[in-house]
1. Report, to one decimal in Å, the Kirkwood hydrodynamic radius for the range 101-211 based on all distinct Cα pairs.
2. When the Debye formula is applied to the Cα atoms of the range 137-181, each taken as the same point scatterer, what base-10 log of I(q)/I(0) results at q = 0.16, 0.29, 0.31 Å⁻¹?
3. I need the phi-derived Karplus couplings for the range 130-143: 6.51 cos²θ - 1.76 cosθ + 1.60, θ = phi - 60°, integer Hz, Gly and Pro marked x.
4. Ranked highest first by the average count of other Cβ atoms within 10 Å around their residues, in what order do 184-193, 147-156 fall?
5. If amide hydrogens are placed 1.01 Å from N in the peptide plane, which non-local residues have theirs closer than 5 Å to the one on residue 202?
6. Figure the gain on full extension for residue 181 and residue 117 (residue separation times 0.36 nm, minus the Cα-Cα span) and round it to one decimal in nm.
7. Taking H as built 1.01 Å from N, whose amide H comes closer than 5 Å to the amide H of residue 145, not counting residues under 5 places away?
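Bear in mind these aren't lab numbers, they're just calculated from the coordinates by the rules spelled out. Just so we're clear, the structure is a prediction, and the values are computed from it rather than from any experiment. Cβ placement follows ideal geometry from the backbone for every residue including glycine, while neighbour counts extend to all protein chains displayed.
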Amino acid sequence: MEMGQYVNLSADSERNLSEGRDNCQSETVGWSKVYKLVGVSFGLLCIIQSVLNVSLRLYTTDISTLPLGDSQPNITEPETGNTSLIISDQGCPRCPSGWRTYMSSCYWLSAERKNWMDAKEDCSSRGAHLLIVNDDVEGDILYVFGPERVWIGLSYQQQRWTWVDGSILLNPERRPRGNQRGNCVVAVQDSFVTFTSALCRESHSWVCEMELK
């Protein structure tokens with residue numbers, strides 16, 4: 001009887017050991033697959049990183065070898081003495097170099113002094129005209145140029161104050177001061193902008209205006 005029990009126990013033990021070995025082998029095979037998958041993924045990441053590094057290095061090299069300004073949109077710069085509007089590649093007009101942009105116009109202050117007629121002709125030669133102040137907002141551009149007296153495009157013609165574009169001065173508050181000392185007008189910027197009549201032969205700086213079209 002004891003011999004039978006021993007044989008049964010031995011058979012059971014061998015069966016349990018065999019099942020344990022099978023389980024261990026299954027677990028080993030499972031973890032092996034995981035390790036292989038992780039290894040392959042890591043390898044792919046390394047390859048992708050290498051490709052990105054090379055691409056970035058080539059791109060940086062290309063940019064560094066460009067001549068200055070090639071990375072910006074081309075702008076047609078005016079030739080020396082040409083004050084025409086600059087046209088960008090997108091077809092948008094821009095003010096010439098040295099001019100100030102304000103609202104929808106370009107403005108330029110002369111560095112020299114001339115009489116009113118010469119100042120008017122100078123603006124015309126630049127494709128512009130003496131400053132026309134349509135409203136108080138546009139008049140604010142004069143604050144940018146400082147307190148200097150400047151010729152503007154207003155003169156007394158046929159018994160009324162007329163702008164260089166032929167329009168009439170309508171705002172009575174803008175009527176030139178100075179008891180009509182002369183038939184031309186200078187703008188004076190103090191605490192606020194005022195128009196003062198002056199002799200057209202006087203020498204003053206002037207402001208040219210060019211509309212952005």
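1. Numbers: mean 1/r = 0.0731 Å⁻¹.
After inverting the pairwise mean of 1/r, the radius is 13.7 Å.
2. Values, matching the q order: -0.51, -1.26, -1.28.
3. Couplings: 4, 3, 10, 9, 7, 7, 5, 5, 5, x, 5, 4, 5, 5 Hz.
4. On the way: 184-193: 17.9, 147-156: 20.9.
Order by mean packing, descending: 147-156, 184-193.
5. Result for residue 202 returns 116.
6. On the way: separation 64, 0.36 × 64 = 23.04 nm, distance 1.68 nm.
Extra length from residue 181 to residue 117 when fully extended: 21.4 nm.
7. Residues meeting the criterion, in which the H sits 1.01 Å from N, do not exist here.
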